[in-house]
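Student: Take this structure, written in structure tokens, and hold onto it; I'll ask about it next.
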Amino acid sequence: MGKIWRISGPVIIAEDMRGSQVYEVVEIGEERLNGEIIGLEQDKAVIQVYEDTVGLTVGEKVIGTGEILMAELGPGLVGNIYDGVQRSLVTMKDEVGDFLHRGVRTYALDREKKWRFIPVVKAGAKVEGGDIIGTVQETGLIEHRIMVPPGMSGVIDSIEEGDYTVEETVAMLGSNGKTIPLALMQRWPARKPRPYRRRFDPVDLLVTGTRIIDYLFPLALGGKAAIPGGFGTGKTVNLQQMARWSQTQLNIYVGCGERGNEMADVLHSFKELKDPGSGRYLQEKEIFIANTSNMPVVAREISIFIGITMAEYYRDMGYDILLVADSTSRWAEAMREIGARLEETPGEEGFPTYLGSRLSAFYERSGKVECLGSPDRVGSATVIGAVSPPGADFSEPVTQNTLRIVDALYSLDVALANRRHFPTINWLQSYSQYADSVDTWWEKVSPDYTEVRNQALITLQKEAELEEIVRLVGPEALPENDKLLLLIARMIREDFLMQSAYHPVDTYSDPKRSHLMLSTIIKFNDFARGLAETGMMVSEISASRIKQRISRMKDVPNDEIDQYIDSIRQDMAGGAVSLEEGGV
Amino acid sequence: MDSMQLFTRQTKAISTARRSLLIIESIPGIQFSEIVDVELGTGEVRSGQVIEVGKGTTVVQVFGGVSEVDLLNSKVRYKGETLKLPVSPDILGRIFDGSGKPIDGGPPIISQKYQDINGVPANPASRMPPAEFIETGISAIDGLNVLVRGQKLPIFSGSGLPHNKIAAQIIRQASLKGKSDDFAIVFGAIGVSYDDAAYFISNLEETGALSRAVGFINTASSPVIERLSTPRLALTAAEYLAWEMDMHVLVILTDITNYADALRELAAMRGEIPSRRGYPGYMYTDLASLYERAGRISGREGSVTILPILTMPDDDITHPIPDLTGYITEGQIVLSRPLDRKRIYPPIDVFLSLSRMMKEGIGEGKTREDHNNVFMQSYAMYAEGNYLREITTVIGSEALTERDKVYLEAADRFEREFIAQDENSRRTVEETLGVAWDIFSMLPEEDLKLINEKYIKNYLPEPSENE
């Protein structure tokens, strides 16, 4: 047992700490505040404290737990809300009320609740780390697969169906003459990646339901992406949309140093919204981590690792997981603050020099993998991190270090936000390196995907070039074919890229629907070009009813969209366009 | 706390006095962050706070600086407590300084209850998403940037712009809405001029709102360190009134720029590594520890709504103070110098302003069914008019079509009739929407694409004869 020797904000130094290890969890003072050793020198330990240190005094006791920071993994995670060090905020609300007083301790997983365990192996089976030995129906949407913890192997001595708490023994494992009890819960050090058999290239589309992402800058299952954007660009709405509608089996939302009211909004909306695939409440496929900006800074740093550890754990069951982190900038700022307290030599803008390696340690835990153990299965963890660059200036260290790691960038644009073009993902600055690897996936939905996508991107690119001329001479001075290009580009922007998060139909667009919409605009381009050649003015084409019908396709319900688009296409194939009332 | 007062923990062993810091030999039992009294050789007593404590030495930051501190005769007395505010219903109608002492000539607050001015974070799982409309009577806010209970919505202003006038108008008018007995105003003046502080107080007096208000005033000439405690005292009072007295509290904090500058000044004195423009790297977290105290808690009646005011240095919205604020608050009301030059009051920049909570606060049963449609159409109309204005400066008005001219006129009317209003005019939300509909009536009806036809039928006025 050691004693406090020095206190400086969230960092304390304790003496008489010989025998401790780096990253060991300690309990500090009368209130047993949680902390983690981040450095040792002789008998002194430097400790970052996960709670407010106001009122601590020199000489108070510091007790090592002998363990490094572990995430609890087992049934009961899904639908729960955690703080940065995986204390259940739901339990804390019930036990200590509406405010987060320090020194409160709760388990991540409910110790009382019984779960129905159904074995899938029999006594006598030879098992090893990662093998699935049974299942628990965790929520209506998640079948929790109970696995032998990595690194263990042996023969199942006994296993029985029944109702168990997370700590009770469900099976006995005989291993080298010893018997090890297996429970529903296992623990894993949060900072350490969980093992897998091998990694695959990410080639399957992660359907987010956001058209500009899915179609123009697709994200692959197991990929990693960043969303940088200044304030007011709708970063959080974008991330919430992805956490809501992504067609993954489980989503993890890490709110790191962000707004409390927004977090409340997320938590409430997930109780009310339904998953488009299964029709069940989204809460049944979501884990939340809420470490808002006024909660202890140090806990921000670990919250991201707790989140990714949970993602890997469900990945290991053979599921596709999406983790969104809002915002990695607040996470980096927490590191900067600790670094400054430790009087480390700062790197750029005061951030620690290990900012880049810490960011990669997080993003690199994404991936699509063949899981350990049997039966053979493939799982993936996809990571999307928000970045909040000061002054919307992307040259700052967090954005730049992130861009070196991620393979897709969704760049949010203040100018688009001021024009109320949402989502504000800028189509000229964003990119995705997955576009080439998921095209096989897309071409199964629509063989002409690559062609349509390219045409759309080229049109948008040309529009940007023309806009400079328009600014000088006005739109009227352009030749007709350029005017037509501007019209088509505007249709792509307004009738395809713009998408309302609040419209019940538009909020989620499945890949088939997205393709129907964009390919219709591209077809309209050919159709209009034909009309222009016969001498029709672009202004007339723009006022045509067929164009108006295209601009209304966003709001057409899913069960009517095929028919709606079909009739537009038939009319275009018919060739005629009439501006008269009642014409096409 | 009382038992600690039985013995005095006092020392004269000060080894260093530099900038605003004292380095003192440690005595047992010093708490991190506790408050100390520093008694100078002259007998003058200053407050200070323990910012670092170790086995050998303790570092104390002295509020008001270390001038005249001598190492021989000065004494440091540890108080054994962190900064606390006594709270009771009697704080209503009172005015305090930035250390919580009454400055209105009234008696001190007697209370059994002392609250830590740093507050305790609300459990995110206990929070309720804000959704109740606050009618400010100002069209540009009620129509386009709706404020809701529990929101934090700053005013981004510039020096010389009428932010104080707008804040005072909001205080006057918003407090009239709803049941008057459950409404309170907490006012925190941080490093403002004496005149500015007096303006708010006389405003509260005139409207009779002073009895339901609490003021914490740190003028430009008061100690810099108290700029950090002033908003915290104000928010502690607000939380008490909201969570324990079930009141709907509107907190006005002005000027956050002075707050941030004080933060920078004190950080520099401690020799901390600066981040952008010399502000400390933890400024986001520090500002969040203020703004995040806004909110609603499920199962509790009251609410804390925060309206911080800040002046953007050089009107630069990317300056760290507005920038970090914008990342924390739920939108911003931005004032525009060009509009102010056109004598438009309130000069609210509709394009840069935003309320993230608006969607939750409007619509049928809250304001009116057509509110969202009117908002979108107004925005589109004004944007189009503004775009045409810009074009006109390049290509001249000759090239404009008739339709274009209508939009130019609509944008002008929007500024003169919708955005602009008298300092004393209090428009109901119906009146605000009515002004918008009035302007819509000059547009071709087929252009009202963003409005549901049902609403057009119900609300679009017949064009009058002379137009």
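Student: I'd like the full set of residues that are in contact with a helix residue (DSSP H, G or I) (Cβ under 6 Å, 6 or more places away or on another chain) and part of a loop (DSSP other than H, G, I, E, B), limited to the range A:290-345.
Tutor: The answer is A:Thr292, A:Ser293, A:Asn294, A:Val297.
Student: Please verify whether B:Pro124 is in a loop (DSSP other than H, G, I, E, B), within 14 Å of chain A (Cβ to nearest Cβ), of a type outside the set (A, V, I, L, M, F, W, C) and free of Cβ contacts under 8 Å to residues at least 40 places away in the same chain, treating the condition exactly as stated.
Tutor: So B:Pro124 fits the description; yes.
Student: Of the conditions (1) part of a helix (DSSP H, G or I); (2) among the polar types (S, T, N, Q); (3) within 22 Å of A:Phe217 (Cα to Cα), A:Ser539 fails just one. Which one is it?
Tutor: (3)
Student: Are any residues in the range A:221-245 in contact with a Ser or Thr (Cβ under 6 Å, 6 or more places away or on another chain) and either among the β-branched types (Val, Ile, Thr) or within 26 Å of A:Glu451 (Cβ to Cβ) (or both), and if so, which ones?
Tutor: If the condition is that a residue be in contact with a Ser or Thr (Cβ under 6 Å, 6 or more places away or on another chain) and either among the β-branched types (Val, Ile, Thr) or within 26 Å of A:Glu451 (Cβ to Cβ) (or both), then A:Leu221, A:Gly223, A:Thr233 are the ones that fit.
Student: Further question on the same structure: Within the range A:440-475, how many residues are away from every other protein chain (no Cβ under 14 Å) and either more than 35 Å from the chain's Cα centre (by Cα) or touching a residue at least 24 places away in the same chain (Cβ under 8 Å) (or both)?
Tutor: 19
Student: Let me ask something else about it. Could you run through the range A:144-195 and say how many residues are in a strand (DSSP E or B), in contact (Cβ under 8 Å) with a residue 12 or more places away in the chain and not acidic (Asp, Glu)?
Tutor: 28
Student: Pairs needed: first member in the range A:369-381, within 18 Å of A:Met310 (Cα to Cα); second member anywhere, assigned to a strand (DSSP E or B) and of a type in the set (S, T, N, Q); C-beta distance under 8 Å; at least 6 residues apart or different chains.
Tutor: What qualifies is A:Val369/A:Ser380.
Student: Criterion first (aliphatic (A, V, I, L, M), surrounded by fewer than 21 Cβ atoms within 10 Å (Cβ to Cβ), in a helix (DSSP H, G or I) and assigned by TED's automatic domain parsing to the domain that holds B:Arg149) does B:Leu290 satisfy it?
Tutor: Here the answer is no, as B:Leu290 does not meet what is asked.
Student: May I pose another question? With a cut-off of at least 2 residues that are within 14 Å of another protein chain (Cβ to nearest Cβ), name the helices (runs of 4 or more DSSP H) lying wholly within the range B:355-442.
Tutor: Of the helices (runs of 4 or more DSSP H) lying wholly inside the range B:355-442, those with at least 2 residues that are within 14 Å of another protein chain (Cβ to nearest Cβ) span B:358-361, B:371-395, B:402-413.
Student: Report the residue count in the range B:72-101 for those that are part of a loop (DSSP other than H, G, I, E, B), out of contact with any Ser or Thr (no Cβ under 7 Å at 6 or more places or on another chain) and not small (Gly, Ala, Ser).
Tutor: Looking only at that region, the number is 6.
Student: Would it be correct to say that B:Arg300 is in the same structural domain as B:Val251 (by TED's automatic domain parsing), assigned to a loop (DSSP other than H, G, I, E, B) and buried (at least 23 other Cβ atoms within 10 Å of the Cβ)?
Tutor: In short, no.
Student: Residues in the range A:383-392: is at least one surrounded by fewer than 22 Cβ atoms within 10 Å (Cβ to Cβ), modelled with pLDDT of 95 or more and either in the same structural domain as A:Ala226 (by TED's automatic domain parsing) or more than 25 Å from A:Arg259 (Cα to Cα) (or both)?
Tutor: No - not one qualifying residue is present in the range A:383-392.
Student: Is it true that some residue in the range A:90-100 is part of a loop (DSSP other than H, G, I, E, B), surrounded by fewer than 21 Cβ atoms within 10 Å (Cβ to Cβ) and at the interface with another protein chain (Cβ under 10 Å from one of its Cβ atoms)?
Tutor: Yes, that holds for at least one residue.
Student: What residue, among those in the range B:102-121 that are touching a Ser or Thr at 6+ places or on another chain (Cβ under 8 Å) and not in a loop (DSSP other than H, G, I, E, B), is farthest from the other protein chains (Cβ to nearest Cβ)?
Tutor: Among those residues, the one meeting the criterion is B:Gln115.
Student: Filter the range A:139-184 for residues that are within 25 Å of the chain's Cα centre (by Cα) and either among the β-branched types (Val, Ile, Thr) or in the same structural domain as A:Asp320 (by TED's automatic domain parsing) (or both) and give the result.
Tutor: A:Thr139, A:Ile142, A:Ile146
Student: Separate question: Evaluate the following for B:Gly41: is it closer than 30 Å to B:Val186 by Cα and small (Gly, Ala, Ser)?
Tutor: no
The values are calculated or read from the model by the stated rules, or taken from the named source; none is laboratory data. Here the structure is a predicted model, which means the values were calculated and not measured. Neighbour counts run over all protein chains shown; Cβ positions are idealised from the backbone, glycine included.
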